[in-house]
Structure formats: structure tokens, C-alpha cells
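The values are calculated or read from the model by the stated rules, or taken from the named source; none is laboratory data. Bear in mind that the values here come from a model prediction, so they are computed numbers and not experimental data. Cβ coordinates were reconstructed from backbone atoms using ideal geometry, including for glycine residues, and neighbour counts include every protein chain displayed.
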Amino acid sequence: MTKQLNKLSNETFLVDVKKFIKNSHDFYGEKKPEIKTLAVRLYEEYELNEFYNIFNKLWNSGYHSERVLAVETLELYKEEYDKETWRFLIPKIKEIRDFDESEKIGKIIGEMTIKYPNLKREILKISDRRNPYYRKIALSSCFPLIKNKDWNFIFMIIRKRIFDKEKDIIEFTGFLLKEIGKKNKMLVKKFIINNKNMNKEIFDIVLSSFSDFKKIKKLTNSENSNSLEWINSIK
């Protein structure tokens, strides 16, 4: 499919992108459009194979907002991901600077995994890496897989992180379990029963997804909380 330009020519838009790279606070003068708006604009005007060059310019710009724009735009191409997208991202993984970038790239990789299940082997390889950004990529890749109910793989990744010491990883693991609970609460219930000794912060985040949270919280603070008898009453 050929992308249709709306108002600006390709050449004019490229000039604007270059200005944006140089000054993250002065794109289109004082209009300062939202990153998501810019992402949609890039997506509408470039084929995926053309966007890789734009991604590199934004990613290598030195500005956080430009890197966010690069990743958020790439997210929009999820229906078009192919093996070249994976090859393109491999070197970028080593250049990630923060947890936000690792979360977004992880979700992109998760979408690719739906098309190419063999990528699960690569995710498993990075799930135990010392670098916490790699571990978050592995966790984040599980979010797109929830819609496919790929529970075996998802819980394989989660089990690796329930004793993690990194605060961001701890919280993210809890949020991932909460998200799973929206689709299958009984599955999360079973996981809690089988992993009673998981990191307490993860445990508390998961508990907040249950409607009878106050009752649960009271029981977990009691002397008999280790028995987790309350969990059997969750529907």
C-alpha cells in the first residue's frame, strides 16, 4: 500500500523532522504537537521500510522525546512487522537508556512474536540478563501475547521475575499479573497459590485487582495470612 501525503510534501516533512531532531522544544514553531500526533503523521507518510531510516535519525538524535517518537511510530506498523523488523531492532536493544524505552520495544517484540513464535527463544535468552532493561523487555513482550492466551509462555517469563530486586521490574510484574487477571482471574489465583513466597510488593499489586481487596489485605496482615485460605473464596 502506498502512503498518501496529506498536506506537506515528503521533502518538506523531512525538513521538519530534522528541525525536530535538533530542537525537541520547537517543532512546528509554537504548536508543539503531541508525540502521538507526530507518530501518526510519520506512519501515514512512510512505508515501514522507508521509516527505518527516519527511526535511526530520531533514535540517534540524543533527545529523549525523539527516541520516544521513533518507538511510538514503529508501534503503529504492527500489522506490517516482518523478520527485517526484528533484525532492525536487535542493535537498538543494546542502546536502550530507560525502562520506558524497554517497555515499548518489548511490546513491539511481543507483537512480532505472534507472527513468528520462534522469537520466544530469543525472549527467554534475555529474560535472565543482568541488565534490568532486558528483563523488562521480556516481561513487556508478554502483554501482546495475552490476547492470544499464550499462558504457558507468559507464566514462564513471570516465574523468572517474582523474586527480582529491581523496583521497576517488581511493579511491572505485578501489573502484568493484574492484566492477566482481567482475562482470567482463576489463572492468577492458581498462580498466587503456587507461588506464595513471591516478592511481597508483587503480591500486594496483584491483590489490588480483586474486588474484596480490603478483606484480603486484612487477612494478609493477620497471623494466619500465610495459609492464603482467603484465596479460595475468590470467584
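Could you tell me how many of the residues in region 190-210 are under 22 Å from residue 168 (Cβ atoms) and in a helix (DSSP H, G or I)? I'd like the intermediate steps shown before the answer.
Here is the first cut: in region 190-210, the ones under 22 Å from residue 168 (Cβ atoms) are 191-192, 195, 197-209.
Filter once more, keeping what is in a helix (DSSP H, G or I): 191-192, 200-207.
Count: 10.
Might you check whether a residue that is within 22 Å of residue 172 (Cβ to Cβ) and either in contact with an Asp or Glu (Cβ under 8 Å, 6 or more places away or on another chain) or among the hydroxyl-bearing types (Ser, Thr, Tyr) (or both) occurs anywhere in region 91-98?
Initial filter on region 91-98 (within 22 Å of residue 172 (Cβ to Cβ)): 92-98.
Checking the rest, the ones that are also either in contact with an Asp or Glu (Cβ under 8 Å, 6 or more places away or on another chain) or among the hydroxyl-bearing types (Ser, Thr, Tyr) (or both) come to none.
Looking through region 91-98, none of the residues is within 22 Å of residue 172 (Cβ to Cβ) and either in contact with an Asp or Glu (Cβ under 8 Å, 6 or more places away or on another chain) or among the hydroxyl-bearing types (Ser, Thr, Tyr) (or both).
Do you know which residues across region 135-156 are of a type in the set (A, V, I, L, M) and under 17 Å from residue 197 (Cα atoms)?
From region 135-156, those of a type in the set (A, V, I, L, M) are 137-139, 145-146, 154, 156; that's our starting set.
Within region 135-156, just 156 meets the criteria.
What is the number of the single condition among (1) under 25 Å from residue 159 (Cβ atoms); (2) crowded, with 20+ Cβ neighbours inside 10 Å that residue 51 does not meet?
So residue 51 meets the others, but not (1).
Any residue in region 184-203 that is under 18 Å from residue 103 (Cα atoms), surrounded by 12 or more Cβ atoms within 10 Å (Cβ to Cβ) and modelled with pLDDT under 95?
yes
List the residue pairs whose Cβ atoms are under 6 Å apart, where the first residue sits in region 162-180 and is over 19 Å from residue 144 (Cα atoms), the second is among the aromatic types (Phe, Trp, Tyr) and not in a loop (DSSP other than H, G, I, E, B), and the two are 6 or more positions apart or on different chains.
Sorted first by the residue in region 162-180, then by its partner, the pairs are 168/99.
Given the conditions (1) over 15 Å from residue 58 (Cβ atoms); (2) in contact (Cβ under 8 Å) with a residue 12 or more places away in the chain; (3) of a type outside the set (Gly, Ala, Ser), report the number of the one that residue 87 does not fulfil.
The number of the failed condition is (2).
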